[in-house]
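Quick notes on the structure that follows.
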Amino acid sequence: MRKVDEWLAKAREDLTVAQLSAANKLWNPCCFHAQQCGEKGLKALLEAHQMLIPRTHDLEQLLDELEPMVDVNLIRDAAALLSAYGVEARYPGFNAEESEATAAVAEANRVVDWVVSVLPRTPPA
């Protein structure tokens with residue numbers, strides 16, 4: 001399995017965990033795993049462009065890295081919404097609500113769909 005596919009598989013696992021968390025009314029882990037989904041999806045795209053993958057949870061920073069290769073404007077708002085959940089959703093003082101969790105899952109799904117749509121096509125072997 002190529003590394004791009006591994007990143008996408010991890011992103012989809014996090015999306016599934018976010019969905020399961022939402023189904024069980026676990027809003028904080030839902031938001032965290034939605035962010036993780038978006039992060040890993042964007043890192044898959046960086047990998048596809050053979051770029052160095054920065055150690056960051058900031059989706060907007062990842063989009064800045066990708067901007068020379070793809071039009072990232074379609075998902076800037078999703079990245080902005082999800083980025084905060086990479087850290088704050090794991091600690092006391094943050095209490096997500098159902099509406100936040102629902103939006104986070106939708107945006108994570110949108111990021112992954114976008115990543116798949118803009119992946120460079122590899123020629124058949």
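The values are calculated or read from the model by the stated rules, or taken from the named source; none is laboratory data. This is a predicted model, so every value here is computed, not measured. As a convention, Cβ positions derive from the backbone with ideal geometry for all residues, glycine included, and neighbour counts pool all protein chains shown. What goes into the accessible areas is simple: the full protein's heavy atoms, side chains included, and nothing from ligands, DNA or RNA. Shrake-Rupley method; radii C 1.70, N 1.55, O 1.52, S 1.80 Å.
Number of Lys-Lys pairs in the chain with C-alpha atoms under 12 Å apart and a separation of 8 or more places or on different chains: 4. Computed from the alpha carbon positions, the gyration tensor of segment 1-47 leads to an equivalent ellipsoid with semi-axes of 23, 10, 4 Å, biggest first. Taking each DSSP H run with n ≥ 4 as -39500 (n - 2.57) and averaging over every residue of the chain yields -21000 deg cm²/dmol at 222 nm. Taking Cβ atoms as reference points and 13 Å as the exclusive limit, the residues near Leu15 contribute a net charge of -1, counting Lys and Arg as +1 and Asp and Glu as -1.
Membrane-span-like helices in the chain, defined purely by DSSP H runs whose alpha carbon atoms cover 27 Å or more axially and whose average Kyte-Doolittle hydropathy reaches -0.5, are 3-23, 27-48, 98-118.
Element breakdown for the chain at a 1.4 angstrom probe: carbon and sulfur atoms account for 53% of the accessible area. Across the options Ile75, Ala104, Val116, the greatest Cα extent toward the positive end of the charge dipole of segment 70-119 (unit charges at beta carbon of Lys, Arg, Asp, Glu) belongs to Val116. Within the shell defined by Cβ-Cβ distances under 12 Å, the residues around Ile75 carry a net charge of -4, with Lys and Arg each +1 and Asp and Glu each -1. Full extension of the chain between Thr16 and Ser117 gives 34.4 nm of extra length, using 0.36 nm per residue less the Cα-Cα distance.
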